Amino acid sequence: MASGVMVSDDVIKVFNDMKVRHQLSPEEAKKRKKAVVFCLSEDKKMIILEPGKEILQGDVGCNVDDPYKAFVKMLPRNDCRYALYDALYETKETKKEDLVFVFWAPEEASLKSKMIYASSKDAIKKRFPGIKHEWQTNTFEDINDPCNLAEKLGGSTVISLEGKTLKS
């Protein structure tokens with residue numbers, strides 16, 4: 001079921017900026033988004049950037065020690081959201097960086113919110129071509145554990161996330 005919800009141009013621009021990994025000056029690199037959260041507009045007709053819900057690469061190490069934990073804290077306890085997280089991880093063979101599309105639908109969210117976010121998910125996914133990893137999660141217990149994200153990124157081959165070794 002499609003909801004008829006549109007995706008704002010700002011959301012598409014953020015995705016394109018996060019997806020393209022070209023040589024950036026150190027100043028440009030600091031402004032690159034590490035994580036961003038999207039929500040529905042008040043009238044429920046548009047997927048927009050949620051104001052103040054982003055982490056920049058320049059924040060990592062300065063204002064943000066653990067970008068993944070900071071990302072999880074940006075998600076509301078009782079409402080749905082979409083998000084992009086730029087995961088830096090290491091497998092037994094190589095270091096990688098991939099975008100993860102997250103559909104956050106907590107158990108505490110209202111049925112109405114879950115329905116409109118679920119029916120609008122295809123609208124945003126269609127505007128994000130090339131996303132390799134998608135994660136729908138429903139509990140803080142699940143999303144809080146970085147091992148669950150590592151599972152989405154490559155399972156047992158992932159040995160570290162954001163420079164932190166994962167427990168096996």
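In table form, for the structure just shown:
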item	result
Förster-model FRET efficiency, 35 Å R0, N78 and H133, C-beta, rounded to 0.05	0.85
Loop-exposed GluC sites (Glu not before Pro) per DSSP, neighbour cap 10 Cβ within 10 angstrom, longest uninterrupted part of the chain	108-168
Given charges at Cβ of Lys, Arg, Asp, Glu: the chain dipole, positive-most of I12, Y68, T91	I12
Residues with amide H under 5 Å from that of I159, placed H, sequence gap 5 or more	E90, T91, K92
From phi via Karplus (6.51, -1.76, 1.60), per-residue ³J(HN,Hα) for the stretch 89-96 in Hz, x at Gly/Pro	9, 10, 9, 5, 9, 7, 8, 9
Extension gain (nm, one decimal) between K30 and E107, 0.36 nm per residue minus Cα-Cα	24.2 nm
Of the DSSP H helices in the chain, those whose Cα atoms cover at least 20 Å axially and whose Kyte score averages -1.0 or more	111-126
Packing-based exposure ordering (other Cβ within 10 Å, fewest first) of S25, S8, S120, S156	S25, S156, S8, S120
Flagged links, alpha-carbon separation over 25 Å, of K31/K121; K13/K125; K95/K121	K31/K121; K95/K121
Selection from T165, A109, H133, by position along the positive dipole direction of the chain (Cβ)	H133
Fewest-first sequence of F140, F15 by Cβ atoms within 10 Å of each Cβ	F140, F15
Residues with amide H under 5 Å from that of M6, placed H, sequence gap 5 or more	M46, I47
Point-charge dipole on Cβ atoms (K/R +1, D/E -1) for the stretch 11-123, about Cα centre, debye to 20	180 debye
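Quick note: the coordinates plus some simple rules give every number you see, no bench work behind them. Everything quoted here is computed from the prediction, not taken from an experiment. Using ideal geometry, Cβ is built from the backbone for each residue, glycine included, and neighbour counts are taken over all protein chains shown.
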